[in-house]
Structures are given as C-alpha cells and as structure tokens.
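Take a look at the structure below.
The values are calculated or read from the model by the stated rules, or taken from the named source; none is laboratory data. Being a predicted model, the structure only gives us computed values, none of them experimental. Counting neighbours? That spans all protein chains shown, and the Cβs are built from the backbone with ideal geometry, glycine included. With ligands, DNA and RNA removed, areas are computed over all heavy atoms of the protein, side chains included. Shrake-Rupley method; radii C 1.70, N 1.55, O 1.52, S 1.80 Å.
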Amino acid sequence: LPLAERLQRRIVDADDKGLTDDLDAALAEKPALEIVNEDLLAGMKTVGELFGSGQMQLPFVLASAEVMKKSVAHLEPHMESSGESGKGTIVLATVKGDVHDIGKNLVDIILTNNGYTVVNLGIKQPVGTIIEAAVAHNADAIGMSGLLVKSTVVMKDNLLELQSRGLVQTPVLLGGAALTRAYVEQDLNGLFAGEVRYARDAFEGLSLMDAVMA
Ligand code: B1M
C-alpha cells in the first residue's frame, strides 16, 4: 500500500508495529499536521463509520484511538510552532458524560503551538469545574468539546449555568462532531447573553481565539 493508505489502515486495524517508521517516512514528505489531518483523521473517520454500522466492536475502536494518540504524540514535536507565547488563556474541557478527547487534545496542541496558554481539564468535566478554572486562571475564553449527541444538550445547559452565574463576559468556543454551526451560532447564541462560537476543527478554534484576542 502507498504510505498514506498504510497510515490510514494502521489506525483502522490498530496496528502499531512499525508505526513510527511509517510516520517518520511520512514526515519526510509532508508537514506533521497534514499527516494528522489527511491520513490519520481519515482512518478515524473509517473507524467511526464501521462502528456506527455495527461492523466494529467498541474494544477495537478503543485500540484504534490508542494508535491515533500514539501517532499524534510521535508527530507533536514536529508540528509547526509560531514561537509566540502569552497570547491569551483558554480553559478547555470535554463536557460531563463524554470521554472523547482526541479532538480536544489536538485543539490544545494547536493553540499551545501558536502562543496560547491552554488549561486542559480533561474529560467528563462538570460545568462547576470549568467555571472554577476559568475564574482561577482569569481565562480569556472557555472551550468545550463533546462528540456525543447528548453532549450538545450538556453544552446548552452549561451555557445556561454560566449565564445564571453572570459569567457572560468570557467568550465560549464549542467543538465536536455532533454539533452543527447552525445549532451553535443560531440556537445557542440566541439563548446565551454572551458570545458562543462554533469551531469545525482545531484550526478554526485557533482563528476564533485570535479573533477573541484581537
Ligand atoms: Co465514541 N462515539 N463512543 N468512542 N467515537 C462516536 C462519537 C460516534 C459518532 C461513533 C458512531 O456511532 N459512529 C458515537 C456517538 C453517537 C451519538 O452520540 N449519537 C460514539 C459512541 C456511541 C460512543 C459510546 C457511547 C459507545 C458505547 O459505549 N457504547 C462511548 C461513549 C463513552 C462516553 O463518552 N461516555 C464511546 C467511546 C469511545 C472510545 C472510548 C472507544 C473512543 C474514544 C477514545 C478517546 O477519545 N480517548 C471513541 C471513538 C474513537 C469514537 C470515534 C470513532 C472517533 C472520535 C475521534 O477521536 N475522532 C467517533 C466517530 C466520529 O466522531 N464520527 C465516536 C477524531 C477527532 C480528531 O475528531 O473529536 O471530532 P473530533 O475533533 C475534531 C473536531 O470535532 C474539532 O476539532 C477536531 C479536528 O481538528 N473539535 C474541536 C473537537 N473538539 C473541539 C473543541 C474546540 C474546537 C474544535 O474548541 C473548544
């Protein structure tokens, strides 16, 4: 198989024997972030489709996720960094009830590499913890990630909680596969007195942070 397809297969088959050799070979051809976006994410997409259609069982999805994480960890030192720092602070979390963190951690890497301080709280974070961290770190923005459909409801409840505590001055960035731009920018924006924005991917997360700090 050509290298790009081999990397995709490695994610789908959770095959990490010789993984770093393939990643190093890919690094000789293109930037680390392109490898993530084009090859590794394509593999995860296939995993999601196979799982969604009942052709792959959960333990295998978990194994694929582990190979994805190993790959990102191997590529991370090669990712482009702007060399800046102190551009602003974001508190980032996967919302309550949701364990998916690969996307959130990519957002962390990309923001960190571009000069932001990221307070990454991890997975399954209740809104109270997110609020405490935002206050403690005097955050310029709050970022919430979640991939489950039920997480879109949790995000709505979290916004209402922020609002009831009067925390509407901190912009909120939302991302994750179950969200749509319309849900965030129309429905959620309509019920939240502050600013809530949708990030389709980690790069849009970065441009939204740049806009917040501009
Ligand atoms: Co889960 N899972 N999973 N899973 N899983 C999905 C999300 C699902 C769509 C699969 C499917 O059915 N096709 C489905 C959700 C269906 C629904 O809600 N309607 C699902 C399910 C059902 C479940 C369980 C309930 C299964 C079960 O137990 N029966 C369970 C949930 C547990 C829980 O959360 N309580 C579960 C568990 C797992 C694993 C643990 C096995 C594993 C996660 C491992 C981990 O993250 N550490 C897993 C995986 C890997 C997936 C899929 C296959 C891949 C997710 C992924 O990592 N994608 C996923 C299928 C899919 O997404 N279509 C699926 C790659 C990642 C880079 O993308 O996170 O979307 P993503 O991030 C993107 C953007 O969304 C954006 O940037 C990233 C790219 O640049 N982004 C942000 C994300 N967050 C952002 C925040 C921002 C900005 C951008 O700013 C704040």
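Considering Leu174, Leu167, Leu159, the condition of being modelled with pLDDT of 95 or more, open to solvent by less than 50 Å² (accessible area, probe 1.4 Å), of a type in the set (A, V, I, L, M) and not in a helix (DSSP H, G or I) is satisfied by Leu174 alone. Looking at Asp108, Asp98, which one is open to solvent by less than 40 Å² (accessible area, probe 1.4 Å), under 19 Å from Tyr198 (Cα atoms) and without any contact (Cβ under 8 Å) to a residue 24 or more places away in the chain? Of Asp108, Asp98, the one residue that is open to solvent by less than 40 Å² (accessible area, probe 1.4 Å), under 19 Å from Tyr198 (Cα atoms) and without any contact (Cβ under 8 Å) to a residue 24 or more places away in the chain is Asp108. Picking from residues in the stretch 194-209 that are open to solvent by 60 Å² or more (accessible area, probe 1.4 Å) and outside any strand (DSSP E or B), the one that is farthest from the ligand (Cβ to nearest atom) is Glu195. Here Ala93 does not qualify as over 11 Å from the mean Cα position of the chain (by Cα) and under 21 Å from Leu159 (Cβ atoms).
Each residue in the stretch 2-23 was checked for being of a type in the set (S, T, N, Q) and either surrounded by fewer than 20 Cβ atoms within 10 Å (Cβ to Cβ) or not in a helix (DSSP H, G or I) (or both), and 1 of them qualify.
Looking at the stretch 24-31, is at least one residue within 16 Å of the ligand (Cβ to nearest atom) and open to solvent by less than 50 Å² (accessible area, probe 1.4 Å)? No.
Residues of the stretch 134-144 being open to solvent by 10 Å² or more (accessible area, probe 1.4 Å) and among the small types (Gly, Ala, Ser), which ones? Passing the criteria: Ala134, Ala136, Ala139. Only one of the listed residues (Leu75, Leu62, Leu41, Leu58) is of a type outside the set (Val, Ile, Thr) and within 14 Å of the chain's Cα centre (by Cα). That residue is Leu41. Scanning the stretch 147-186 for residues being without any contact (Cβ under 8 Å) to a residue 12 or more places away in the chain and away from the ligand (no atom under 13 Å from the Cβ) gives a total of 4.
Restricting to the stretch 179-193, count the residues that are crowded, with 17+ Cβ neighbours inside 10 Å, assigned to a helix (DSSP H, G or I) and among the hydrophobic types (A, V, I, L, M, F, W, C). Residues that pass the stated criteria total 2.
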